Amino acid sequence: MDPEIQKMREVVLVYLDRSGGLQKFVHDCKKYNDSKQSYAVYRFIISINPSDITELDATLGNYILHNPLQAAQIFQSVCFVAIKTLSLIEQLQTEAQISVLLKPTHLPPLPSYILSLSAYPFNYTSQRFYMSEGIVIAMGTVTKYTQGARFLCTEETCPFSEGRFRCIRVHCPGATESATVRTDFVCSLCSSPLQEDMKFRVLGDKQIVEMIDAKILNALKGYSIDKSHFRIQAFTLFLRDELANKMTIGNHYRIIGIPACVQNGLQVTACIEVNSVQLYKPNGPSFVSDNFKYLLSLTSSSCWRFTAVLANIFASQVVPPGTYNTLKLAILLSLVQTCEKENADYLDLLIMTSDTLVIDRLLNYSLCLLPRGIRHPPSSDIFPSVSKDKHGTGSASIQACSAVLAKGGICYIGDLSSYKKDKLELLQSVLESRTTTVFIPGKKYGEEADQQVTVSVQTNFWSFVDVDSSSKKHIQKENFLIGQMDVSLIPVNLVDGFGLLIYNEFPSCRLSSPVVHHILKKAINPEAMLYKVSQQFTTQDYEEFILFARNLHVELSSEAESLIQGYYLASRRVRRDSIHGSTLSASALKILISLAKAHAKLSLRQTVLEEDAVIAILLLESSLTLKHGTSALCVAPNPVFPFDLSDENSLQQRDIYLMQCHHQLLKFIAAYSPGIHINTNEE
């Protein structure tokens, strides 16, 4: 025996003893022994810390990292000796029956251990451990594969025809089913054909997953700040046994695995046999820029001024400062209400406009401020679809879509009036439940029964309706209430599904001379900085600010909660008719809380104050007025920005106006929801 191999075996035994792996191995053996059943293959998973084992023996550490299949054989022989010496599994006969899977806890943080399909060359021939990361864009259903099988010689006089475990086939990383089980194997002793003993075939779970580099998100934004060019290609992952169903479509993962080539007919596919899976959650910035800090200190005298200035100067690269302020505030609120939690506070936007070009540019620009801002291409599906797996298994594969790829971000779906009725009904269902169901017919995909897979949709939706084009497609109603807009082209329930309905054509926001000048100057010189504020508060500053603000954990104060509940109950009593009852949807309370929390985050506070609730109520009341007409509260057409913000005096006037709105709101609650107790602060 090679003395170096013998030394590594001794080190393996020492490492297993010190790391607790030996104790786990004995426990796994006990489960096999207690079953009293003979298996063709006994499978053991051994966790390896490369740093610890390299300290014990550098040669073994290097062997595990760069020759994992050969290293597994060393562990296999150690395990066999341990089983026989300690009599751990009575049924075990030969060393070939032991299958060892080494699972490194991590890999060295060096470029040579990172595998990326966006980089060239792609070294898929060296069967060693690599680390990679990406986003899951397709997932197959779980099917079976052969972990191992026993074969017997068909020649009766051959010793290998007896019922011992001499001819064992075990699955290797990247190998197809035919490499483990087929009919043309021959006996190594007499060259007669081998025949599988079906009683001892060991099956395991297998799932095929498609993953793609996270850089794909930049290509799906529709507008990118980053002008660099790169190559993107999806790659195939094989998840086996305990890793099946460990991934979720749309999530970002870091994996450790062994690359391999799988041949399917004339086609060769580069794939990765996954060894371990870890959900990847990038940390947001722990700070905001000094300019934002200074602005926050300047506006600290009022809880409303900071967000007003933020909205006023936002997106100055696309629209002039001071224009579209209500829409820009709503966009910022929606941006900071993005996260990947199951029960998150969502904030969807539906914009009624006749100026689709500017609005489209503004929304596209805003998408780039989030890592997951997706511009939905009209030629593809918004929600997941099913197709046949392309690797020859015949099973179903669920394909990701814009809404799933935008997980924890924004899905911008463009003009809502361009979608057909069935798509709008599906969108309405998703807005209500935040899930979508994919139906997989069993007969079509080789399954015994039909399946239904529920996919979570954790994203905010943005859309707009072109008022001019929609007015030509249908006859407008004549019996409008005061302040009500004609949105009959879109189903009422779908309009209610969006958190905010915004009409940007208020008198102070019409396409003005500054907007025209801005568009013309940008057409001549697209890279020009037209305003000083664009240099003081750059796109990167806003990007860092939003990523910081959205990670803030905010709590409702009792005062804000009472104000929101009081307004909600009063509005349900005021907004009702004799036929349909209350016109205020059940989701309105959630939307109010989401708006108030978003305004607190945007103000860099962790407590929702009454001032945040006032802004939330005014925005929602304005939206309800567009849908159903004005109510007894009777807010102004543009309640959050009643006039232009040009200097400190205009900010002071806005504060006075909002305090009057607060006082008016308290009167409204006292009149229509007298059971709610609210502390009034008389000044």
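Working from Cα positions, state the angle (0 to 90°, nearest 10) between the long axis of helix 3-19 and the longest principal axis of the chain.
The helix 3-19 is inclined about 50 degrees to the chain.
Using a 1.4 Å probe on the protein heavy atoms only, what accessible surface does residue 434 show? Give it in Å² to the nearest 10.
In the full protein context, residue 434 sits at about 30 Å².
Which residues does a label at residue 390 reach in segment 190-220, if reach means a backbone N under 13 Å from a point 7 Å past the Cα toward the Cβ?
Answer for segment 190-220: 209-212.
Using θ = phi - 60° and the Karplus form 6.51 cos²θ - 1.76 cosθ + 1.60, what ³J(HN,Hα) does each residue of segment 276-288 get, whole Hz, x for Gly and Pro?
Couplings: 8, 10, 9, 5, 9, 10, x, 6, x, x, 9, 7, 10 Hz.
If R₀ is 35 angstrom, what is the calculated FRET efficiency for the pair residue 536 and residue 636, using the beta carbon separation as r and rounding to 0.05?
According to the calculation, E is roughly 0.70.
Can you compute the label reach from residue 157? Point 7 Å from Cα along the Cβ direction, backbone N cut-off under 18 Å, restricted to segment 182-213.
Only 187-194 fall inside the zone, counting backbone N under 18 Å.
Is segment 157-212 best put as rounded, prolate or oblate by its Cα gyration tensor, with a ≥ b ≥ c the root eigenvalues, rounded for a/c under 1.5, and otherwise prolate when a/b is larger than b/c, oblate when not?
Taking the square roots of the gyration eigenvalues as a ≥ b ≥ c, segment 157-212 is prolate.
With a ≥ b ≥ c taken as the square roots of the eigenvalues of the C-alpha gyration tensor of segment 1-105, please select rounded if a/c is under 1.5 and otherwise prolate if a/b is larger than b/c or oblate if it is not?
It comes out prolate by the Cα gyration axes.
Could you give the angle, 0 to 90 degrees to the nearest 10, between helix 421-433's Cα long axis and the longest principal axis of the Cα atoms of the chain?
That works out to roughly 80 degrees.
Mind checking the angle between helix 610-628 and the chain's longest principal axis? C-alpha axes, 0 to 90 degrees, to the nearest 10.
Approximately 80 degrees, to the nearest 10.
Please give, to one decimal in nm, the separation of the simple spin-label points placed at residue 177 and residue 296, each 7 Å out from Cα toward the Cβ.
If labels sit at residue 177 and residue 296, their model points lie 5.8 nm apart.
All other residues with a Cβ under 12 Å from the Cβ of residue 130 taken together, and with Lys, Arg as +1 and Asp, Glu as -1, what is their net charge?
Taking every other residue near residue 130 into account, the sum is 0.
log10 I(q)/I(0), Debye, Cα-only segment 552-682, no solvent, q = 0.17, 0.20, 0.21 Å⁻¹?
-0.92, -1.24, -1.34
How far is it, in nm, from the label point at residue 103 to the one at residue 287 when both lie 7 Å from their Cα along the line to the Cβ?
My value for the distance between the label points is 3.9 nm.
Can you return the aspartates and glutamates within cross-link range of residue 103? Criterion is Cα-Cα under 15 Å, with same-chain partners fewer than 8 residues away left out.
Partners found: 52, 241, 242, 273.
Quick one: go through segment 338-380 and flag any residue whose amide nitrogen is under 17 Å from the point 7 Å out along the Cα-to-Cβ line of residue 454.
341-344
Check cross-link reach from residue 341 to the lysines: straight Cα distance under 24 Å, and skip same-chain residues fewer than eight apart.
Straight-line reach from residue 341, under 24 Å: 215, 221, 246, 281, 407, 590, 597, 601.
Figure the gain on full extension for residue 421 and residue 524 (residue separation times 0.36 nm, minus the Cα-Cα span) and round it to one decimal in nm.
Additional length available on full extension: 33.0 nm.
Please label the shape of segment 395-435 as rounded, prolate or oblate, based on the square roots a ≥ b ≥ c of the eigenvalues of the alpha-carbon gyration tensor (a/c under 1.5 means rounded; beyond that, a/b larger than b/c means prolate, else oblate).
Here segment 395-435 falls in the prolate category.
Label points 7 Å out from Cα along the Cβ direction at residue 6 and residue 52: separation in nm?
2.8
How much length would be gained if the chain were fully extended between residue 66 and residue 82, taking 0.36 nm per residue of separation minus their Cα-Cα distance, in nm to one decimal?
3.2 nm
Just the number, please: percent antiparallel of the DSSP beta bridges in the chain, rounded to the nearest 5. Mind dumping the intermediate values first?
Working: 56 of 85 bridges.
Antiparallel: roughly 65 percent of the beta bridges in the chain.
Taking the alpha-carbon centroid of each part, what is the distance from segment 580-656 to segment 398-436 in angstrom?
So the separation of the two Cα centres works out to 26 Å.
The values are calculated or read from the model by the stated rules, or taken from the named source; none is laboratory data. All of these numbers come straight from a predicted model, not from anything done at the bench. Neighbour counts run over all protein chains shown; Cβ positions are idealised from the backbone, glycine included. To get the accessible areas, we keep the full protein, side chains included, count just its heavy atoms, and leave off ligands, DNA and RNA. Shrake-Rupley method; radii C 1.70, N 1.55, O 1.52, S 1.80 Å.
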